[in-house]
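Just below is one structure, and these are the notes that go with it.
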Amino acid sequence: MEKRIRIIRTSIMTYSTVILMCISFNTWSQVGVGTSNPDASAALEISSTTKGVLLPRMTKAQMEAITSPAEGLLVYCTDCDPKGMYIFNGISYIASSTGVPSGFNENTDVVSTTGKIWMDRNLGASQVATSLTDHLGYGSLFQWGRAADGHEVINWTSSTTSDGAEQARETAITSATDTPGHDDFITNILNWRSTPNNNLWQGVGGTNNPCPTGYRVPTNQELNAERAAFSTNDAAGAFASPLKFTLSGFRLTSTGALNSVGTAGYYWSSTASGVLLGRSLRMLITSSNVSTGSTSEAGVGASVRCIKE
């Protein structure tokens with residue numbers, strides 16, 4: 001009889017504990033692990049000086065086999081190039097370290113007409129473009145000299161439009177350093193940096209080089225060599241080349257709005273203007289012409305096509 005009473009008491013205590021835990025989790029707005037005072041801005045705060053957080057680890061095939069991944073889903077890819085954390089942006093998995101889609105690896109290199117090795121798609125694109133206006137081949141629009149910190153991400157929905165989410169990530173406050181520390185597109189008449197710095201993006205070891213390891217932003221001379229090899233000096237010739245350039249448009253430095261999407265392509269070079277501080281050279285593709293060497297403000301958002309060192 002006493003044994004039965006002890007069992008009943010133990011059961012009641014167990015159920016009470018479970019109920020109290022449920023009430024607590026439903027009542028508290030934050031959960032702390034290793035801390036009794038989680039930050040008010042965090043739903044979950046984990047505090048430790050000896051241990052880390054271990055994300056789900058899986059292969060690229062396993063990651064891309066996840067059914068209907070939620071936007072913002074974060075995993076660690078063990079065999080991607082580069083290996084590391086990937087976040088699903090609603091369209092594809094993007095490497096947190098480079099902004100490059102998981103679909104890119106060394107097997108997707110392409111040799112151009114000039115014999116140079118390039119990425120086969122624009123930086124941030126989920127696939128090789130199938131046409132001049134294939135929005136899945138547009139990729140990201142970078143401010144010149146900035147790293148792949150999120151400011152460049154565009155969620156394209158058609159050949160001329162995005163979902164507009166990039167407009168919610170804007171600020172008029174310029175950065176005093178080479179690393180703004182946020183993912184906002186910085187709107188300014190000329191530059192995202194309060195004091196322009198022309199010594200960015202040069203070479204694989206360049207400051208803020210947005211390309212994967214072993215790749216870099218091409219020079220104006222390299223872009224011009226490709227242009228000269230096009231079958232025709234226009235958009236049709238640019239797409240007919242092995243590089244499959246697209247008409248992904250650009251973002252205005254003044255407002256961050258998308259411009260000329262589907263009608264023109266703006267591609268950054270790593271070459272800064274030798275005359276005007278805060279301006280850099282780019283390639284412009286239109287239906288009637290392709291030109292290189294023109295200057296644009298570093299605050300403009302334009303495409304990047306990485307070349308292998």
When every residue in the range 107-153 that is within 14 Å of the chain's Cα centre (by Cα) and among the charged types (D, E, K, R) is compared, the one surrounded by the fewest Cβ atoms within 10 Å (Cβ to Cβ) is Asp149
Quiz prompt | Condition check for Ser270: under 26 Å from Thr195 (Cα atoms), more than 20 Å from the chain's Cα centre (by Cα), surrounded by 18 or more Cβ atoms within 10 Å (Cβ to Cβ) and of a type in the set (S, T, N, Q) | solution = no
Among strands (runs of 3 or more DSSP E) entirely inside the range 1-98, those with 1 or more residues being more than 30 Å from the chain's Cα centre (by Cα), on the phi < 0 side of the Ramachandran plot and modelled with pLDDT of 75 or more are 31-33
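Residue-by-condition table, conditions (1) part of a loop (DSSP other than H, G, I, E, B); (2) surrounded by 17 or more Cβ atoms within 10 Å (Cβ to Cβ); (3) within 19 Å of the chain's Cα centre (by Cα); (4) small (Gly, Ala, Ser):
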| position | (1), (2), (3), (4) |
| --- | --- |
| Phe239 | no, yes, no, no |
| Leu277 | yes, no, no, no |
| Thr292 | no, yes, no, no |
| Ala302 | no, yes, yes, yes |
Taking the range 140-155 and keeping residues closer than 18 Å to Ala95 by Cα and either outside any loop (DSSP other than H, G, I, E, B) or of a type in the set (S, T, N, Q) (or both) leaves Ser140, Phe142, Asn155
Those residues of the range 165-180 that are farther than 16 Å from Thr253 by Cα, in a loop (DSSP other than H, G, I, E, B) and out of contact with any Asp or Glu (no Cβ under 8 Å at 6 or more places or on another chain) come to a total of 3
Just one listed residue, out of Leu284, Leu223, Leu252, Leu258, is surrounded by 24 or more Cβ atoms within 10 Å (Cβ to Cβ) and modelled with pLDDT of 95 or more, and it is Leu223
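The values are calculated or read from the model by the stated rules, or taken from the named source; none is laboratory data. It should be emphasised that the depicted structure is a prediction, and the values quoted were computed from it without experimental measurement. Note that each Cβ is placed from the backbone with ideal geometry, even for glycine, and that neighbours are counted across all protein chains shown.
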